[in-house]
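What follows is a single structure, written as structure tokens, with notes after it.
The values are calculated or read from the model by the stated rules, or taken from the named source; none is laboratory data. Since the model is a prediction, treat every value here as computed from it, not as a measurement. Don't worry about glycine lacking a Cβ; one is built from the backbone with ideal geometry, like all the others, and counts go over all protein chains shown. These accessible areas exclude ligands, DNA and RNA; they are computed on the full protein's heavy atoms, side chains included. Shrake-Rupley method; radii C 1.70, N 1.55, O 1.52, S 1.80 Å.
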Amino acid sequence: MSAQTFTLGRAIRLFLLSFGALIFLAPYIFMISTAGKAQSDIFSSSLSLIPQHWSYIANFTKALTRVSMTTLLWNGVVVCALIFVFQVMIAIPCAYAMAKLKFRAARLMMVLVMLGLLVPIHATALPLYVAFDRMAVLNSYFALVAPFTISVFGIFLFLQFFRAIPDDLIHAARLDGMSELGIIGRVIVPNAWPAITAFAIFSVVAHWNDLYWPLIVISNQTYATPPLGLLYFRAAEAGDDYGALMAATLIITFPLVAAFLLAQKRFVEGITMTGLKG
Amino acid sequence: MSALSLRGIHKSFSANQILKGVSLDAGENEFIALVGPSGCGKSTLLRILAGLESADGGEIVVGDRDLSPVPAADRNIAMVFQSYALYPHLTAAQNIAVPLVMRNLTRLQRLPLVGPLMPGQRKAIANIKREVRDMAASLKIDHLIDRKPGQMSGGQRQRVALGRAMVRRPAVFLMDEPLSNLDANLRVHARGEIVELHRRAGVPTIYVTHDQAEALSMADRVAVMIGGSLLQLASPQVIYDDPQHVEVAKFIGQPRINLFASQAAPDGTVAFGDIRLRSAEKLTPGTPVTIGIRPEFVAVNRNGQHGLPARIDRVEFLGSEIILYCRLDAIGETVIAKLSPAEGTGLAVGMSVRLEFAPDRLFVFAENGRRLPSFPMSADVALETANG
């Protein structure tokens, strides 16, 4: 790699890749830039990336004080963690049974999983809303978490991964005296970390950024997730103060960006090992 | 009393009958090799014995307990897998410890966080650690104890797998081709070690293999399984010298036994060249039979008058022996002869020779493959019967 000469072909490839990366990053870069601009900068007729008056501090103070940012982030963490934990707790035993145990309903379950993959949340949103309303559980963590605890996508992803685990390993575990739950806890989970991390990205990213479902079931600010909080912030506080809005957005996207950068290698490993493209 | 017995085990996968009523008894300390071509059902039988598959019918008795309804986890049967099936996330020591942890600790003692608070847990764990160390020392893998399976060679993994199976002193020990993933040199060496381990453990052992050399060299008794049936269960020597079925004769022996299709003569005997064989049971004239003789009992006569004329097709020099492929002039069949290098010097492709067959080493098999007890008739008696 290091010995490779800098040929024309390589230069073209590098240029194309950098160009692509720039296009993908452009909105984020623009967001970082706007978060540091004063009101007059944002609405000036010339477009510049570097703010003329550095007002990061002012904008971030506004974002942090005008809305209860800690509540938003905390809600995001709680909701994402609960969803992820329940999804894994349900999907792993389910996928194990479908991949490694022989039972009559296995085919039917596979069909149901496939069907589940085809139905989007938007189709079931209304009945769920009505049901939650009747149960008087709107505006709670329960309403945010419950519809997502069974992830057919998770079952599908783990199923593919578990199928690759050799049968002999499961047989050996049984002969060593493990129950089926023991096999899941002692053999399957410790060997499924790549799949679990891969699933973690899909799950956490999807639910951290989700606006649709919280918008339906949450009207009380105390349970607002970050994207919903941002919406309130824009409507009620910021108005056209885009600097503060972008600062708030930066704060909210930061945890995911940081987490991905830190665990990038493991994530990529996990996705390539499950044979699934993100 | 037999320590382990299988009675009439049946198994079918949909319409495919894999096991057709297999019965087998193993004594205390006995080492039985279950040998047969791939797809004969030997691995399925082993899995049924271990409890990993359920049989459609039949009984599995260990000691005096019927194990058929007992789940695999409670059978106290240990198995070494062809792939070794070591837990990839655990070190060698942890792998060996697993069966002890599952048996010697209670459910609560095994739990993370809560476990160490349970009374007696520390002592039980210390015992397990000591047993694992002893086992590793006896297998000479003490230096590998902290390595994970991914960092070990095939031979080392195989030892860890043996350790994991033996550490809990099982009632029955099963091995499913444990040597087939090793290279040839190591395999021969490991044979001796497994026999030695078996002797020390003193537990009935069923060893599945498709390699007849392994079966013959290691086992007290060899069970030959073909097409889902157990055709013969006997000591290696009996299996080789006295096969009870044509398939057994064909499967055991390298190079393969010579087989010739023939018919019973009008007088009820079986003729092969100038040799006449009389069967213990009277054969109807014209009954199709198969005559077999092992290559080492075919002698080459270079310029004598005795024997059947043949032509050498191919000569294989194997160092300690020479394998000769000859074509019989009369019937065009190929005969394989195994000679010592001294006997074989100077033989070349295309030479005409005469082949002599040892009369008392000829086997006669009925059309259904069953062996027909037979004995050679001396020349004058043969003449008499022919005339009379």
Can you tell me which residue in the range B:90-117 is nearest to the other protein chains (Cβ to nearest Cβ), limited to those that are part of a loop (DSSP other than H, G, I, E, B) and surrounded by 17 or more Cβ atoms within 10 Å (Cβ to Cβ)? B:L90
Of the residues in the range B:46-78, those that are open to solvent by 10 Å² or more (accessible area, probe 1.4 Å), within 11 Å of chain A (Cβ to nearest Cβ) and not in a loop (DSSP other than H, G, I, E, B) come to B:R47, B:A73, B:D74
Pick from A:V78, A:V85: which is open to solvent by 40 Å² or more (accessible area, probe 1.4 Å), in the same structural domain as A:V217 (by TED's automatic domain parsing) and under 30 Å from A:Q221 (Cα atoms)? A:V85
Just wondering, is there one or more residues in the range A:215-226 that are open to solvent by 20 Å² or more (accessible area, probe 1.4 Å) and in contact with a Pro (Cβ under 7 Å, 6 or more places away or on another chain)? no
Could you pull out the residue among B:V270, B:V315 that is at pLDDT 90 or above and out of contact with any Gly (no Cβ under 7 Å at 6 or more places or on another chain)? B:V315
Quick one: count up the residues across the range A:203-234 that are part of a helix (DSSP H, G or I) and either within 14 Å of another protein chain (Cβ to nearest Cβ) or not hydrophobic (A, V, I, L, M, F, W, C) (or both). 13
Consider the range A:173-202. How many of its residues are part of a helix (DSSP H, G or I), without any contact (Cβ under 8 Å) to a residue 24 or more places away in the chain and within 9 Å of chain B (Cβ to nearest Cβ)? 7
B:S43 vs. criteria within 14 Å of chain A (Cβ to nearest Cβ), under 30 Å from A:L181 (Cβ atoms) and surrounded by 14 or more Cβ atoms within 10 Å (Cβ to Cβ): yes
Filtered residues of the range B:286-299 (kept if of a type in the set (D, E, K, R) and open to solvent by 40 Å² or more (accessible area, probe 1.4 Å)): B:E296
